[in-house]
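See structure below.
Each value in this text was obtained by applying a stated rule to the coordinates, not by laboratory testing. What you are looking at is a predicted structure, and each value in this text was computed from that prediction instead of being measured. Here the Cβ positions follow ideal geometry from the backbone for every residue, glycine too, while neighbour counts run over all protein chains shown.
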Amino acid sequence: MDLAFTKMHGCGNDFIVVDDRSHELDLDASAVAMLCDRHFGIGADGMILVRPASDPAADYFMLYSNADGSLAEMCGNGIRVFAKYLSDRGLVDDGRLTVQTLGGLKVIDVVPDAAGAFALARVDMGAPVLHAGDIPTTLPGDPVVDAHVVTEAGEADVTCVSMGNPHAVVWVDDVDDAPVTTLGPAIEELDAFPRATNVEFAQILDSSRIRLRVWERGVGETLACGTGACATLVAGVLTGRCGRSAIIELPGGELRIEWPEGQNVFMTGPAEEVFEGVWRIPDEE
């Protein structure tokens, strides 16, 4: 079987995008993991399938899998990539679309450049989930703010937020020295997170600018995480560390995150297409 795909990224967070509007593609977790493998496959942080929406309020459905093949509720960089893919191919009528995800409906406004082509996407990421049981986490507090956790790799204070997927935000003095690859996976797998968690290591530069590195659940450290950037701003507001609008500096680029009083969280950022290709999957005998 020949699998046509498009390689895309949002701030360096890269994805394999496949048009599966016919809903005929049936890949198990091991197949997705093989395709995302950077040595033996195409290489990506995750895989996105473009499918028809089952919800009449949505234009399309985004099915997102992590690099290990596990399904994820949402992906912030992925949904901007999804919007660019649809916009560039004329699959949406105007500059606004509604996307169905496993984490709920997301409304996206495409910001065009001078020539009318896709430049940025502004995504309504919904309201942050702060109730511990809904994140989910068993850590104390409601919301869970600067809760102390102990792991085999060290200790940390975490603030927990769900943006359709779970996040634990750790504040550090310098992200360059943060134990992302050791403490990140240790927190990810704590029993206090029954569905595991993404882990953010965040450094406040000032009230409107934050540096961030992210250990993504089921992936590892990535160059960017959109939902993680949103969760970090929310955690910053909850702890009084930043204002309600900030630029989040990630290794792969910058995102603007806004959380107006009494409103949803909004994320604005770019998406890029890298190349198209065809992967030949051996037919089963």
Ranked by GNM mean-square fluctuation in the chain (Cα springs under 10 Å), the top entry among 191, 109, 59 is 191
Over the chain, equivalent-ellipsoid semi-axes from the Cα gyration tensor in Å: 30, 22, 17
Region 147-175 versus region 190-246: alpha-carbon centroid distance in Å: 8 Å
Förster radius 35 Å - calculated FRET efficiency between residue 273 and residue 34, Cβ distance, rounded to 0.05: 0.95
Assign unit charges at the C-beta atoms only (+1 for Lys and Arg, -1 for Asp and Glu), then state the dipole size of region 94-201 relative to its Cα centre in Debye, rounded to the nearest 20. 660 debye
Charge dipole (debye, nearest 20) of region 132-263; +1 at Cβ of Lys and Arg, -1 at Cβ of Asp and Glu: 400 debye
Debye, to nearest 20: dipole size of the chain, +1 on Lys, Arg Cβ, -1 on Asp, Glu Cβ: 740 debye
Between the modelled labels at residue 261 and residue 146 (7 Å from Cα along Cα→Cβ) the distance in nm is 2.3 nm
Using alpha-carbon positions, the gyration tensor of region 156-285 gives root eigenvalues a ≥ b ≥ c; with a/c under 1.5 called rounded, otherwise prolate if a/b exceeds b/c, else oblate, the class is prolate
Phi angles of region 151-165, converted by Karplus (6.51 cos²θ - 1.76 cosθ + 1.60, θ = phi - 60°) into ³J(HN,Hα) in whole Hz with x for Gly and Pro, give 10, 5, 9, x, 10, 6, 9, 10, 10, 9, 9, 10, 10, x, 9
Work out how much length residue 189 to residue 73 would gain on full extension: take 0.36 nm times their residue separation and subtract the Cα-Cα distance, in nm to one decimal. 40.0 nm
Taking every pair of Cα atoms in region 136-207, average 1/r, invert it to obtain the Kirkwood radius, and report Rg/Rh to two decimals. 0.94
Which order, highest average first, do 90-100, 233-243 follow once you tally other Cβ atoms within 10 Å for each residue and take the mean per peptide? 233-243, 90-100
With x for Gly and Pro, the residue-by-residue ³J(HN,Hα) of region 12-20, computed from phi through the Karplus equation 6.51 cos²θ - 1.76 cosθ + 1.60 at θ = phi - 60° and given in whole Hz, is x, 7, 9, 9, 9, 10, 10, 6, 10
Measure off 7 Å from each Cα along the Cα-to-Cβ vector at residue 280 and residue 55, then give the distance between these two points in nanometres to one decimal. 4.1 nm
Semi-axes a, b, c in Å (a largest) for region 1-141, each sqrt of 5 times a Cα gyration tensor eigenvalue, come to 23, 22, 15
In nanometres, the difference between 0.36 nm per residue of separation and the alpha-carbon distance of residue 21 and residue 206 is 62.2 nm
Short version: ³J(HN,Hα) in whole Hz for each residue of region 45-56, in order, from phi by Karplus 6.51 cos²θ - 1.76 cosθ + 1.60 (θ = phi - 60°), x for Gly and Pro, what are they? 7, x, 10, 10, 9, 8, 10, x, 7, 8, 8, x
As I understand it, the dipole of the chain uses +1 on the Cβ of Lys and Arg and -1 on the Cβ of Asp and Glu, about the Cα centre. Which of 85, 223, 107 lies farthest toward its positive end? 107
